[in-house]
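Below is one structure; the comments refer to it alone.
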Amino acid sequence: MENSRITESVRQIFTDYLKENRCRRTPERYAILEAVYSINGSFDIEELLDHMENEKKFRVSRATVYNTITLLLKANLAVHHQFGTESKYEKCYGSQKSHMVCTKCHKVVEINNIDLTDTISANIKKFHLTHYSLYLYGLCSKCHQAMKRRKTRMNKDK
């Protein structure tokens, strides 16, 4: 039930945005919107194209995907993440996203169920918060353990 309500809401927001900005309301754009909202987590353009072709059985040009993603970003229905050299996108309506990014191996892990909306809103006056992204940078456990082993070996060699 919740997913169908979100789907209806984002579809209406997108329709209103397209009308206000005198953009065409094409089946391809709505198929891309639906695909974006059916993917859990972040994705790049290649992953979105693969998802549309293999899961949704809907072929669309790379240019149409890029143009539609730009419209979704402007309509605040998607968010762009830059993880090192990786460019990722993610749906953002109805959810707040937080990520842990390893500064060594660049692994990205999404953190669920952290809602800082009230905390942020309480500390920012005269600002209407629509969504946010939180990035936590550090070392993943694998890289941290490798660093500790290297330090231990270096101390033994002294």
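Worth pointing out:
- In this structure, SER121 qualifies as outside the structural domain of ARG29 (by TED's automatic domain parsing) and more than 23 Å from GLU8 (Cβ to Cβ).
- On inspection, ILE120 does not qualify as over 25 Å from GLU20 (Cβ atoms) and touching a Ser or Thr at 6+ places or on another chain (Cβ under 6 Å).
- Test result for HIS80, within 30 Å of LEU33 (Cβ to Cβ) and exposed (fewer than 13 other Cβ atoms within 10 Å of the Cβ): no
- Per-region count, the range 25-45, residues touching a Ser or Thr at 6+ places or on another chain (Cβ under 9 Å) and either aromatic (Phe, Trp, Tyr) or not assigned by TED's automatic domain parsing to the domain that holds LYS56 (or both): 2
- Within the option set TYR93, TYR89, being under 24 Å from THR15 (Cβ atoms), aromatic (Phe, Trp, Tyr) and under 10 Å from the mean Cα position of the chain (by Cα) holds for one residue only, TYR89.
- Note on the range 104-131: residues that are surrounded by 12 or more Cβ atoms within 10 Å (Cβ to Cβ) and more than 22 Å from TYR89 (Cβ to Cβ) amount to 3.
- Among residues of the range 27-60, those that are out of contact with any Lys or Arg (no Cβ under 6 Å at 6 or more places or on another chain) and in contact (Cβ under 8 Å) with a residue 24 or more places away in the chain, counted: 14
The values are calculated or read from the model by the stated rules, or taken from the named source; none is laboratory data. Being a predicted model, the structure only gives us computed values, none of them experimental. Backbone-built Cβ (ideal geometry, glycine too); neighbour counts: all protein chains shown.
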